[in-house]
Every structure is written in C-alpha cells, then in structure tokens.
Amino acid sequence: MVKDAYYFLIPLLLAATATAFFFWPLSLLFLLLACFVAFFFRDPERAIPDDPTAIVSPADGKVIRLDETADGATRLSIFLSVFDVHVNRAPIEGKIASQQHRPGKFLLAFDDRAAVENEQLQITLEGAHRISFSLIAGLVARRIVPWKQPGDLVKRGDRIGLIRFGSRVDLVIPAGCRLNVRRGDRVYGGSSVLAHWE
C-alpha cells in the first residue's frame, strides 16, 4: 500500500472508532470506506520484462483507444477504473527529460475529449529511445501525484507516480514499433508489453 493511503485511511479509522460508541451503522460505513481506500492504494510487485526492446504498460487498465497519428505513431489510451491499481510505471528505461503539468477539465476519463481537455501531467522519457505519455485526471480522479522529477533516471517498470481515484493514461508509441496489444485488452503496469522497438 502506498503512503498516500494514510491521508485517507487514518481519519476514516478514527471516525469509525469514534462513532462505534453511539451509532454502529455509521461506524461500519467508515470501516467499509477504509477497506476500499486500502484496496485502492494497493501497490503489488510486478515481474518486469528484461527484454530491452519492450515498451511496458505505464498503468493497469483496459486499452480503449489505438489510433495512428499523422506521423505514423500510435496513440494508445488506457482507462483505469476505481478498481484498478493506480500506481503508474515507466514504460522504458531512461531519464525524465520533461514533466509538464497542464490544468484542465475533469471529463469522464474514457471520453476521447479527456485526452485534450482534462487536467494532466505530460512526461517525456529519453534513453536509448524517446517516448512521451500523459497521466490524465478523470471525473473522480482529481489529483496526479508525481514521484519523480525532471532529470531523474528510471528503469523500465519503475514506479513514477499515482493518479487518485479513476483516470486515464495516454502513450504515444513511435512509428516503427511493433504493437503487442489490441483495443479491449487488459494490461498491467510494468509487466504487460505494449510494443517492441524494431
């Protein structure tokens, strides 16, 4: 469980304890919410592929979009429900070349407009290759928490941040890469291979 959970978990447990003495149904509600928070902020270990050509998924969720761009790249979108792991991971090894917060709306994350209009954190990684991706807030997810800063070195599959309570991650896979997923596939951050460098 990531440390961000304690900001929500401790108040809920205190509230559950306080209300247990005079109204147990409310105490039970606080306990259920605490269990959900612990579940939401889980952070399982993942087996990271050691293939240097692999581009791994930056998030858990469902592939909802695979579109070719004008320059031959592929824009891949992953939707995270509130039941998915929300720890985000580096898709390749390299240095965080840039990290730009862009304020915006909080449309439903599976809405195509969310990729353009919603609040997001745009990240570019540079190593043997260069890749860009965005952590996008949704209707419920209102905060993106980066754990790395520009200039930091990361390995493929390293934890880089968290989006709280439902969201989306968009990744631009450069032209010439061989895709390994299709629309509708479920992927897992750090372990699912989205594509391979050719």
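The values are calculated or read from the model by the stated rules, or taken from the named source; none is laboratory data. What you see is a predicted model, and the numbers here were worked out from it, not measured in a lab. Here Cβ is always computed from backbone atoms with ideal geometry, including for glycine, and neighbour counts include all displayed protein chains. These area figures cover heavy atoms from the full protein model, side chains too; ligands, DNA and RNA do not enter into them. Shrake-Rupley method; radii C 1.70, N 1.55, O 1.52, S 1.80 Å.
Some values worked out for this structure:
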quantity	calculated
Of all residues in region 145-171 being basic (Lys, Arg) and within 19 Å of Pro103 (Cβ to Cβ), the one that is nearest to the chain's Cα centre (by Cα)	Arg168
Residues that are part of a strand (DSSP E or B), open to solvent by 40 Å² or more (accessible area, probe 1.4 Å) and under 16 Å from Glu119 (Cα atoms), drawn from region 143-198	Pro146
Those residues of region 1-11 which are farther than 22 Å from Leu80 by Cβ and of a type outside the set (A, V, I, L, M, F, W, C), in sequence order	Pro11
Residue within region 12-30 that is closer than 27 Å to Gln120 by Cα and in contact (Cβ under 8 Å) with a residue 12 or more places away in the chain present	no
Subset of region 74-91 [of a type in the set (Val, Ile, Thr), outside any strand (DSSP E or B) and under 9 Å from the mean Cα position of the chain (by Cα)]	Val85
Hits in region 5-64 (condition: outside any helix (DSSP H, G or I), under 24 Å from the mean Cα position of the chain (by Cα) and aliphatic (A, V, I, L, M))	Ala47, Ile48, Ala54, Ile55, Val56, Ala59, Val63, Ile64
Count - residues of region 12-44 that are more than 17 Å from Phe83 (Cα to Cα) and open to solvent by 40 Å² or more (accessible area, probe 1.4 Å)	15
